[in-house]
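Structure first, commentary second.
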Amino acid sequence: MTPATRQEVLGLYRKVFRIAKNWQSASGQIEETMREKEYIRNEARTLFRKNKNVTDPKLIKQCIEECEARIEIGLHYNIPYPRPIHLPPMGLAHKQGRTLRHQEKLRKISKPIYLKSHDEVS
């Protein structure tokens, strides 16, 4: 990891914790605000620790983009949790075979960047 990339990652880490410190839930309830703050902190710790040994520059860039996207979406919608995606169910495919593998591949490709690591962790 280059020194510039390292500084960018550490800056994102600090930014996430500043956001968590100043976070206010949409409902304004203290209990919910505390739960959401804790979620933000735990999610950041988990994902940053999981990716601390990543050395591939492309993968590092993808992780940085994902982090920035999750920050922007969270601030815009005032929810810390990843927004769900709405994909059609795989009801037309057989339980095995080519069609199922093709639909699974399309489903994986169509997943937004801000959800790439969420399914791996949760």
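Yes or no, residue by residue, for (1) of a type in the set (Lys, Arg); (2) touching a His at 6+ places or on another chain (Cβ under 6 Å); (3) at pLDDT 90 or above:
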position: SER25; (1), (2), (3): no, no, yes
position: GLU32; (1), (2), (3): no, no, yes
position: TYR39; (1), (2), (3): no, no, yes
position: ARG45; (1), (2), (3): yes, no, yes
position: MET90; (1), (2), (3): no, no, no
position: HIS94; (1), (2), (3): no, no, no
position: LYS116; (1), (2), (3): yes, no, no
Within region 1-54, considering residues that are assigned to a helix (DSSP H, G or I) and hydroxyl-bearing (Ser, Thr, Tyr), the one least open to solvent (accessible area, probe 1.4 Å)
THR33
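For region 55-78, enumerate the residues that are open to solvent by 30 Å² or more (accessible area, probe 1.4 Å), over 25 Å from SER25 (Cβ atoms), touching a residue at least 24 places away in the same chain (Cβ under 8 Å) and part of a helix (DSSP H, G or I). Give the steps one after another, and end with the answer.
Start the filter on region 55-78 by keeping residues that are open to solvent by 30 Å² or more (accessible area, probe 1.4 Å), which leaves 55-59, 61-63, 65, 68, 70, 72-73, 75-78.
In the following step, the residues that additionally are over 25 Å from SER25 (Cβ atoms) were identified as 55-59, 61-63, 65.
Narrowing the set further to residues that are touching a residue at least 24 places away in the same chain (Cβ under 8 Å) leaves 55, 57, 62-63, 65.
Scanning region 55-78 gives PRO57, GLN62, CYS63, GLU65.
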Assuming PRO112 fulfils every condition listed in (1) modelled with pLDDT under 90; (2) open to solvent by 80 Å² or more (accessible area, probe 1.4 Å); (3) of a type outside the set (Lys, Arg) apart from one, which condition is it?
(2)
Is it the case that region 57-64 has a residue that's modelled with pLDDT under 95, in contact with an Asp or Glu (Cβ under 7 Å, 6 or more places away or on another chain) and not charged (D, E, K, R)?
yes
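The values are calculated or read from the model by the stated rules, or taken from the named source; none is laboratory data. Keep in mind the model is a prediction, meaning the values are calculated, not measured. So basically every Cβ, Gly included, is an ideal-geometry build from the backbone, and we count neighbours across all protein chains shown. Calculation scope for accessible area: heavy atoms of the full protein, side chains included, ligands and nucleic acids excluded. Shrake-Rupley method; radii C 1.70, N 1.55, O 1.52, S 1.80 Å.
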